[in-house]
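Just so it is clear, none of the values below were taken in a lab; they were calculated from the coordinates. Values in this document were obtained by computation on a predicted structure and should not be read as measured data.
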Amino acid sequence: LFRSTDSAGRFDLAAVPPGSYSIVSQSSDNSMSGHLQMGHASISVGDTPVDVPDLVLFPGATVAGHLRVEGDRKVALPRTMASLKPLSADASPGVDSAAVQPDGSFTFHDVPEGEYGLTLSALPDGYYVKTTRDTPAAAILVSHGHAPPAEVHISPGAVRVQRSEEHTSELQSHH
C-alpha cells in the first residue's frame, strides 16, 4: 500500500488485514540533489486499531569499500562490480551496483537502513573472494544514516572443478 502524508506528516491506513507489516517512509529533501531520507518500523495488526510509532527519517548512507588483491601480481579490475543485496525479506529494494575503480575502491550512495550482503561480480580469472578470521564475509549494517567501511580480499589460486558423471566416486591427483 502507498499513502502520502498530510502537512503534519500523518497518514491513515484502513482495512488492513491482521498480520505483521513493515512500514517504510521516504521523503525527498526537496533539493536539486534528489537525496531521500528514509525510516521504517515493524508493526503487528490484530482486531483492534494500531497506533504506528513515530518514524524517524535518516538520509541514505554512503557505503565506501575497498577490494584488496593478495599476491605479488598487478591485477586489472576493468569489469569488476560490487553489489549490496538486502539480507531481510522485508528490506528496501537492492542498491545499484558500484564499479570497482582501478585502485580497488567502490562507493554506494543513498543506501537505505538495513543489513546487506556484499557480492562481487566479474572477478579476474583465477581469483576468489577470501575470508579469514580477520576478514570474515560479514554483513554490512546500515543504521541511522551510517555504515562501516567494507573491505574485501581476493586471492589468486581459485580452481575450476568439473564433474564427470562417469567418475563421481573418486578424485585423483596427478603430480
Quiz item: Considering amide H positions built from the backbone, and no H for Pro or chain starts, which residues 5 or more places from Leu87, or on another chain, come under 5 Å of its amide H?
Solution: Glu115, Tyr116, Gly117
Quiz item: If amide H atoms are built 1.01 Å from N in the plane of the peptide, which residues on other chains or at least 5 residues away come under 5 Å of the amide H of Phe58?
Solution: Met38, Gly39
Practice problem: Mind listing the long-range amide H neighbours of Tyr127? Cut-off is under 5 Å, sequence gap 5 or more, other chains count too, H placed in the peptide plane at 1.01 Å from N. | Solution: Ala158
Quiz item: In sequence order, what are the phi-derived ³J(HN,Hα) couplings for segment 43-50 according to the Karplus relation 6.51 cos²θ - 1.76 cosθ + 1.60 with θ = phi - 60°, rounded to whole Hz, with x for glycine and proline?
Solution: 9, 10, 9, x, 8, 10, x, 10
